[in-house]
Amino acid sequence: MSRTVRTAALVSAALALVALATPSQAASTTGALMLTHVRPNAAGADSRDGTQLNVNGEYFVIKNVTTRTVNTSGYIPDITTNTYGRGLPSYSLPAGAKAYVHTGSGRHYRDSTGAHHIYRGYARHVLLNTSTAKNPDLRLKKPGSPDNNTATGSITTCNWNTAADGITYAC
Ligand SMILES: [Ca+2]
Ligand SMILES: [Ca+2]
């Protein structure tokens with residue numbers, strides 16, 4: 001084996017190890033809550049005859065990465081292309097638990113799998129299905145932060161570019 005071929009083989013093996021060790025997308029946070037997944041494009045048509053459909057089929061998922069209960073009140077989801085960053089409602093998310101944060105209305109609850117569901121109360125879809133102009137597409141910010149499409153107060157982010165119908169993406 002020539003030196004060049006051997007080196008290439010070693011590099012290839014090293015890259016394969018890196019690929020195994022690192023998720024294709026690694027969620028992260030500098031705070032108590034972490035964005036882990038997002039479904040920007042709810043399954044089925046978003047609207048028909050002017051009526052918004054399946055608004056709760058649009059959501060993002062947060063995880064409490066701490067060892068204590070965290071209240072989600074006031075955390076700001078800042079969508080970087082608009083100003084629909086209504087603060088999250090009050091909800092006590094247990095240590096290590098995850099919550100689906102739905103765009104529409106509903107009663108917050110914990111389902112039989114242990115996942116929690118939080119409702120933001122919008123009457124329309126707010127996460128862009130196609131968002132290639134900005135990176136990230138969504139920031140979750142500390143309570144009291146501005147929804148001004150900047151990184152101020154940001155603790156965790158998610159980017160999806162073009163979202164297919166009814167598909168969930170890792171952040
Ligand atoms: Ca959407
Ligand atoms: Ca925004």
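Overview of values
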item: Residue within region 74-90 that is more than 22 Å from Ile167 (Cβ to Cβ) and of a type in the set (A, V, I, L, M) present; result: yes
item: Residue check for Val126: out of contact with any helix residue (DSSP H, G or I) (no Cβ under 8 Å at 6 or more places or on another chain), of a type in the set (A, V, I, L, M), within 18 Å of Thr168 (Cα to Cα) and not in a loop (DSSP other than H, G, I, E, B); result: no
item: Test for Thr36: is it among the β-branched types (Val, Ile, Thr) and part of a loop (DSSP other than H, G, I, E, B); result: no
item: Scan of region 109-123 for residues that are part of a loop (DSSP other than H, G, I, E, B) and among the basic types (Lys, Arg), ordered by number; result: Arg120
item: Selection count, region 154-171, where residues are in a loop (DSSP other than H, G, I, E, B) and in contact with a Pro (Cβ under 7 Å, 6 or more places away or on another chain); result: 3
item: Residue that is nearest to ligand 2 (Cβ to nearest atom), among those in region 79-102 that are in contact with a Phe, Trp or Tyr (Cβ under 9 Å, 6 or more places away or on another chain) and assigned to a strand (DSSP E or B); result: Val101
item: Region 129-153 - residue that is part of a strand (DSSP E or B) and of a type in the set (A, V, I, L, M, F, W, C) and, of those, surrounded by the most Cβ atoms within 10 Å (Cβ to Cβ); result: Leu140
item: Qualifying residue in region 111-121 (condition: surrounded by 20 or more Cβ atoms within 10 Å (Cβ to Cβ) and of a type in the set (Gly, Ala, Ser)); result: no
item: Search result, residues across region 41-82 that are without any contact (Cβ under 8 Å) to a residue 40 or more places away in the chain and buried (at least 17 other Cβ atoms within 10 Å of the Cβ); result: Lys63, Asn64, Val65, Val70
item: Residue, nearest to Thr157 (Cα to Cα), within region 122-137, restricted to residues that are more than 12 Å from ligand 2 (Cβ to nearest atom) and not small (Gly, Ala, Ser); result: Asn135
item: Subset of region 116-166 that is farther than 23 Å from Ala97 by Cβ and basic (Lys, Arg) - its residue that is nearest to ligand 1 (Cβ to nearest atom); result: Arg124
item: Close pairs from region 125-140: first among the hydrophobic types (A, V, I, L, M, F, W, C), partner within 14 Å of ligand 1 (Cβ to nearest atom), Cβ under 6 Å, at least 6 apart; result: Val126/Tyr84; Val126/Thr103; Leu127/Pro40; Leu127/Glu58; Leu128/Thr81; Leu138/Ile79; Leu138/Cys158; Leu140/Pro77
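Bear in mind these aren't lab numbers, they're just calculated from the coordinates by the rules spelled out. Note that this is a predicted model, so its numbers are computed, not measured. All Cβ positions, glycine included, derive from the backbone under ideal geometry; neighbour counts span all protein chains shown.
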